[in-house]
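Below is one structure, written out as structure tokens; comments come after it.
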Amino acid sequence: MQETPFCLRVGHLTPYFMSDYNTTDFANPSTFILLGIPGLEAAHVWISIPFCTMYAIAILGNFSILFIVKMEPSLHEPMYYFLCMLAVTDLVLSTSILPKTLSIFWFNSREINFSACLTQMYFLHCFLVMESGIFVAMAFDRYVAICDPLRHSIILTNPLVAKIGLAVALRGGMLVLPFILVARQWPYCRTNIIPHSYCEHMAVVKLACTEVRVSNYYSLCVLFCVMGLDLFFIAVSYTQILRAIFSLPTKDARLKTSGTCGSHLCAILAFYIPCLFSALTYRLGKNMALHFHVLIGSIYLLMPPMLNPIIYGVRTKQIRNRLLRLFTHKGT
């Protein structure tokens, strides 16, 4: 049975675009049309409220982390340098999608330039890979700090931290760049309508009228190799950390040492669980409603940037105390 063209499957959502489809050559589109959340257009304004709230908390929280680490000399350590890298990544990640999403929800501004769409796609996936790499670096820092504390300052020097940060950034940029280079060469002869609130890679892939199997295989390879290897290294680090914790002589020592890893584990779960769930449902959940895919795809990009500063602010004593002193001094 011949597959129904993609443009016809989404056409009923935006009938006023169908005349453009009939008359426009999409082989080299100048713009794409983002639908927002297909099927929930009437609720866009209401959906924007929690989205905007999460974004505001993410902006305030991550800038607070950066400010506190900068102003507090006692926090100028590898753990907090990695935390600053995480904060910057979260700021770029959430900012790369939400302003355009809110413009769709509030002003019905659905058009996005072709180059701007590919740029958004690049920043989105590049910083997702970078964030995963930062979690690996933070796990390594906790491993050295707990399993070999006397050599922590010798092993994790400032130059090494800078090299790790550069390696994480280069890995993200180089792995994601082929997505953009290939997508720029594809012909888009079906439609220029993207049934999403931002330029997600798989949503753009479905618009191409050429063989995209290689791109699909590459994206799965990046997903499982990057996320899989990163999770493996994190698991190995925390296996060694747990062995070291349980070998401590007293209960108080075990609780104190495990408390330093609690915030990191919470942040890891807040990032990887929604990310893997979204990626797998997008590829395997063929019978799920389209608006469910789009909602999950948006929430998993906003939730970690919102939760990370809360997790580290609440569970990290040094940041919590510095934040309390900051507000106490302002109040007096």
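Key figures for this structure:
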{"read-out": "Cβ-Cβ under 9 Å pairs, at least 6 apart or on other chains, region 165-184 side over 15 Å from residue 226 (Cα atoms) and in contact (Cβ under 8 Å) with a residue 60 or more places away in the chain, far side aromatic (Phe, Trp, Tyr) and open to solvent by 50 Å² or more (accessible area, probe 1.4 Å)", "value": "165/81; 180/122"}
{"read-out": "Sole exception among (1) touching a residue at least 24 places away in the same chain (Cβ under 8 Å); (2) open to solvent by 30 Å² or more (accessible area, probe 1.4 Å) for residue 213, by number", "value": "(1)"}
{"read-out": "Single residue of region 108-161 satisfying the filter (among the β-branched types (Val, Ile, Thr) and over 26 Å from the mean Cα position of the chain (by Cα)) that is least open to solvent (accessible area, probe 1.4 Å)", "value": "144"}
{"read-out": "Filter result for the condition that a residue is modelled with pLDDT of 90 or more, touching a Leu at 6+ places or on another chain (Cβ under 7 Å) and under 23 Å from residue 61 (Cα atoms), over 96, 132", "value": "96"}
{"read-out": "Helices (runs of 4 or more DSSP H) (entirely within region 184-292) containing at least 2 residues that are under 21 Å from the mean Cα position of the chain (by Cα) and farther than 22 Å from residue 125 by Cβ", "value": "251-284"}
{"read-out": "Residue 184 loosely packed, with under 14 Cβ neighbours inside 10 Å and not hydroxyl-bearing (Ser, Thr, Tyr)", "value": "yes"}
{"read-out": "Boolean, residue 170 is modelled with pLDDT of 90 or more, open to solvent by 60 Å² or more (accessible area, probe 1.4 Å) and under 25 Å from the mean Cα position of the chain (by Cα)", "value": "yes"}
{"read-out": "Residue count for region 54-79, restricted to those that are open to solvent by 60 Å² or more (accessible area, probe 1.4 Å) and out of contact with any Ser or Thr (no Cβ under 9 Å at 6 or more places or on another chain)", "value": "9"}
{"read-out": "Qualifying residue in region 70-81 (condition: touching a residue at least 40 places away in the same chain (Cβ under 8 Å) and touching a Lys or Arg at 6+ places or on another chain (Cβ under 6 Å))", "value": "yes"}
{"read-out": "Residues (assigned to a strand (DSSP E or B) and at pLDDT below 90) located in region 28-55", "value": "31"}
{"read-out": "Pairs where the first residue, in region 251-280, is modelled with pLDDT of 75 or more and the second is not aromatic (Phe, Trp, Tyr) and not in a helix (DSSP H, G or I), C-beta under 9 Å, 6+ apart", "value": "263/316"}
{"read-out": "Checking residue 88 against (1) surrounded by 15 or more Cβ atoms within 10 Å (Cβ to Cβ); (2) touching a residue at least 40 places away in the same chain (Cβ under 8 Å), the condition it does not meet", "value": "(2)"}
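Here's the yes/no breakdown for (1) touching a Ser or Thr at 6+ places or on another chain (Cβ under 7 Å); (2) at pLDDT 80 or above; (3) open to solvent by 80 Å² or more (accessible area, probe 1.4 Å):
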residue	(1), (2), (3)
286	no, no, yes
295	no, yes, no
308	no, yes, no
318	yes, no, yes
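The values are calculated or read from the model by the stated rules, or taken from the named source; none is laboratory data. Note that the structure is a prediction, hence the values are computed from the model and not measured. Neighbour counts are summed over all protein chains in view; Cβ atoms, including those assigned to glycine, are modelled from backbone coordinates with ideal geometry. Keep in mind that these areas ignore ligands, DNA and RNA; they rest on the heavy atoms of the full protein, side chains included. Shrake-Rupley method; radii C 1.70, N 1.55, O 1.52, S 1.80 Å.
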